[in-house]
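The values are calculated or read from the model by the stated rules, or taken from the named source; none is laboratory data. If you're wondering where the values come from, they're calculated on a predicted model, not measured in any experiment. Cβ placement follows ideal geometry from the backbone for every residue including glycine, while neighbour counts extend to all protein chains displayed.
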Amino acid sequence: ISSTGSVQKDCSSVTPPYSSLIRNLKTVRDILGDRPLTLAEKILYSHIHAPQKSLVNGRLVRGETYLQLSPERVAMQDASAQLQFMSAGLAKCAVPVSIHCDHLIQAVNGAASDLERSIISNKEVFDFLESAARKYGIEFWRPGSGIIHQIVLENYAAPGMLMLGTDSHTPNAGGLGMLAIGVGGADAVDAMTGTPWELKAPEVVGIHLTGKLNGWATPKDLILHLAGKLTVRGGTGRILEYFGPGVADQSCTGLATIANMGAEVGATTSTFPYSANMRAYLEKTGRAPVARAADEAAAQGFLSADKDAEYDEVIEINLSELEPTINGPFTPDLATPISAFGKFIEKEGWKDEFSAGLIGSCTNSSYQDMTSVADLARQAKAAGLTTKVPFLCTPGSEQIRATMERDNLTSALEEVGATVLANACGPCIGQWKREDQTDSENAILTSFNRNFKSRNDGNRLTMNFLASPTIVTAMSFSGKLSFNPITDSIPLPSGELFKFSPPTSQDLPSAGFAAGDLSYYPAPSPAPQPDTEIVVRKDSQRLELLEPFGSHFGPDSGNPRGLELPELRVLLRVRGKCTTDHISAAGPWLKYKGHLTNISENLLITAVNDEGGEVNIAFDHDHDASQSSTDTIPGVAKRFKARKQPWALIVDDNYGEGSAREHAALQPRFYGCSMIIARSFARIHETNLKKQGVLPLWFVDKSDYNRIGSGDKLETIGLEDLLNGVPDAGIRVKVTKLDGEVFEIPTRHTMSTDQLHWLRYGSALNYIRRQLS
Ligand code: F3S
């Protein structure tokens with residue numbers, strides 16, 4: 001602890017090995033020929049595992065070549081990859097790993113009582129995580145310590161690093177000029193077991209920033225605006241790399257907000273060239289040695305793009321022209337500038353009111369965010385105002401919470417009516433015990449990142465609008481959706497009118513960050529304690545050891561079709577937007593994350609069946625006399641599992657967008673799903689399906705989606721060639737309709753050679769186990 005109360009860190013395990021990274025990059029450059037590289041390429045290519053071996057033909061094409069990478073670190077939220085890592089049978093992790101208990105703390109009354117109650121109700125899970133951390137030498141951030149992405153930014157992120165996190169907003173750490181990639185637990189297990197992690201070399205989109213943010217516009221508005229331009233699919237298979245004069249002005253935490261919400265456009269991750277503001281953030285968070293090492297690496301040209309680097313697309317944004325933007329409802333890419341928002345609400349016929357304002361979360365709880373909202377709160381207080389609607393604030397970490405308290409930011413918010421919640425995800429992930437508006441149409445305004453239906457309070461009718469923390473705060477004093485704090489005033493009881501001045505803020509605390517409760521900080525790089533017992537009770541309803549999934553291939557499989565998938569039945573044709581929240585709902589279900597049987601009861605319960613348009617209804621064409629021909633989706637999936645009938649799903653565009661939630665792949669697989677044919681897939685989810693041994697196929701002709709319905713039989717043709725190594729073998733699917741009509745459709749796939757091994761052995765984990773044995 002320094003004289004100012006901030007934590008000075010042991011930086012040995014968090015400083016990237018710059019010399020060896022730069023050496024590795026040189027090897028790659030020698031193989032590729034010395035062409036100018038983007039920053040994203042430099043970071044990725046410097047982490048290629050054994051480049052002489054893996055780039056044998058000297059060819060590396062963005063959007064085509066699969067890279068074998070060696071990430072330097074893994075971060076996991078709650079129970080994600082631990083159960084899978086345990087079944088790999090290793091004594092310790094191959095890279096530094098941290099566990100963060102942030103998703104299970106339910107917001108009810110406020111920080112202290114919410115935390116206490118949640119620790120009791122989730123004790124079994126937290127004890128399991130803590131013992132797994134002790135056994136394998138993992139840094140354990142216990143409940144109340146903060147949200148994974150904020151803690152990673154404060155403690156582990158470093159310029160030029162490559163890390164994986166089991167949460168889709170892992171890219172938040174890109175605010176420190178690194179590549180942080182959200183993955184499923186099975187990918188995390190690759191890094192934890194020292195298995196090279198595979199990624200198709202992403203395309204790189206250059207976002208050229210010019211001008212200066214002014215007035216009310218914030219980094220959040222930049223990414224809200226960009227989400228409107230790119231849409232939820234625009235970043236798929238791509239890294240967003242920001243460059244230009246507008247980058248250097250942004251605070252490191254502002255850049256983190258931008259990187260965080262790159263996940264909303266489906267981007268693999270986002271990054272920025274190393275800047276003085278990043279250096280200042282490293283120093284203020286007790287990591288001056290990392291800053292010094294980064295300075296040296298930057299001097300060798302490692303932490304920025306080469307001159308003349310080529311981007312796959314360049315998007316120009318003039319920050320001077322940006323105005324605050326509000327996105328939603330129900331999708332993060334429906335962007336409306338605040339000046340047009342009142343008209344938008346009127347046109348839609350929605351009530352001009354909202355029922356709660358929520359700020360904070362991993363996206364927007366930086367010191368800069370909190371000083372700016374506290375400034376608005378003080379202005380309002382001076383005018384005698386309090387918030388018109390419930391106003392909730394989630395600090396991202398204990399460090400932020402303690403610094404807010406010390407610098408009187410918390411009191412400024414509480415004095416106008418705010419409730420400060422625990423340092424955890426809370427309402428952002430549906431952990432919000434909301435007593436009002438349980439099933440009525442209403443609107444909320446949040447500074448979070450995601451706004452799919454039911455996301456925050458479990459009510460499908462709640463319209464969540466995303467905005468900057470300052471806009472959410474100012475509007476919370478009006479309670480009206482049409483209120484524009486830039487132009488409008490609030491009438492006071494005296495008859496006078498009150499108008500906010502643009503908020504002022506401070507990037508970093510002059511007195512340094514306060515550490516807060518030191519018991520939240522784990523020892524750095526703890527030694528594994530192999531004798532630690534990990535308890536998973538047989539009758540537990542919260543934890544369940546994972547049974548390996550079986551393979552469809554090989555002599556014991558009983559599959560009469562050899563190296564083709566067995567004949568599959570279509571369970572459902574899913575209509576429209578189907579995010580990982582639709583496939584595996586969060587909120588109250590999160591408590592079953594460690595228990596696959598129990599959490600599978602929520603499979604696709606908010607998905608729309610395209611045959612009839614109903615939610616959570618599926619048809620069972622093979623039902624017996626004791627059963628109805630319709631049931632819930634998990635109900636029919638369970639019937640298929642009981643009949644040992646492998647099945648398939650037909651799905652729409654961008655299937656599996658949203659979070660990295662691995663259960664969205666584990667659960668269908670658990671019930672016997674073997675193939676999903678989509679108009680298109682979201683990246684992380686498609687990989688998660690492959691990891692669990694489910695074959696994802698893309699329609700070549702998207703209109704074929706309409707030709708296949710529930711109960712139809714599907715047979716793959718060509719998978720055998722693919723598994724036998726025939727290059728460029730395509731897969732066709734023979735469809736036998738319920739009425740006997742038969743036809744074939746062409747599909748395409750994105751399976752690499754390694755991924756075909758996962759399919760063959762039933763899952764990536766089965767394959768790793770085989771490699772390690
Ligand atoms: Fe948590 Fe919401 Fe961030 S769930 S990790 S605060 S996106």
Exercise. Restricting attention to region 656-700, which residues are closer than 15 Å to Thr166 by Cα, aliphatic (A, V, I, L, M) and assigned to a loop (DSSP other than H, G, I, E, B)?
Worked result: Ala660
For this session: State whether one or more residues within region 440-451 are farther than 11 Å from Gly328 by Cβ, among the small types (Gly, Ala, Ser) and more than 11 Å from the ligand (Cβ to nearest atom).
Result: yes
Problem set entry | Out of Leu303, Leu334, sole residue that is in contact (Cβ under 8 Å) with a residue 24 or more places away in the chain and surrounded by 21 or more Cβ atoms within 10 Å (Cβ to Cβ) | Leu303
Problem set entry | Meets criteria (in contact with a Pro (Cβ under 8 Å, 6 or more places away or on another chain) and under 23 Å from Ser361 (Cα atoms)) for Leu153 | no
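Considering only region 1-108, give the strands (runs of 3 or more DSSP E) lying wholly within it that have at least 3 residues that are buried (at least 22 other Cβ atoms within 10 Å of the Cβ). Show your work before the answer.
On the way: elements: 66-69, 73-77, 97-100.
Per the criteria, 73-77, 97-100.
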Exercise. So which pairs qualify, if the first residue must be in region 43-59 and more than 21 Å from Gly160 (Cα to Cα), the second must be at pLDDT 85 or above and part of a helix (DSSP H, G or I), the Cβ gap must be under 8 Å, and the two must be at least 6 apart or on different chains?
Worked result: Gln52/Thr27; Gln52/Ile31; Leu55/Val28; Leu55/Ile31; Leu55/Leu32; Gly58/Ile31; Gly58/Leu32
Exercise. Name the residues in region 719-749 that are surrounded by 15 or more Cβ atoms within 10 Å (Cβ to Cβ), in contact (Cβ under 8 Å) with a residue 60 or more places away in the chain and more than 34 Å from the chain's Cα centre (by Cα), would you?
Worked result: Glu720
Exercise. Picking from Asn459, Asn423, which residue would you name as being more than 16 Å from the ligand (Cβ to nearest atom), within 24 Å of the chain's Cα centre (by Cα) and in a loop (DSSP other than H, G, I, E, B)?
Worked result: Asn459
For this session: Hey, can you tell me all the residues within region 429-440 that are out of contact with any Asp or Glu (no Cβ under 8 Å at 6 or more places or on another chain), touching a residue at least 24 places away in the same chain (Cβ under 8 Å) and either outside the structural domain of Val389 (by TED's automatic domain parsing) or under 22 Å from Lys480 (Cα atoms) (or both)?
Result: Asp436
For this session: Scan region 394-414 and give yes if some residue there is assigned to a strand (DSSP E or B) and within 16 Å of the ligand (Cβ to nearest atom), otherwise no.
Result: yes
Seminar exercise, completed: Looking across region 157-174 at residues that are within 14 Å of the ligand (Cβ to nearest atom) and at pLDDT 95 or above, the single one that is surrounded by the most Cβ atoms within 10 Å (Cβ to Cβ) is Asn172
For this session: Please state which of the following conditions Lys343 fails to meet, knowing it meets all the rest: (1) touching a residue at least 12 places away in the same chain (Cβ under 8 Å); (2) not in a strand (DSSP E or B).
Result: (1)
For this session: Would you mind telling me which numbered condition in (1) assigned to a helix (DSSP H, G or I); (2) under 17 Å from Asp517 (Cβ atoms) His149 fails?
Result: (2)
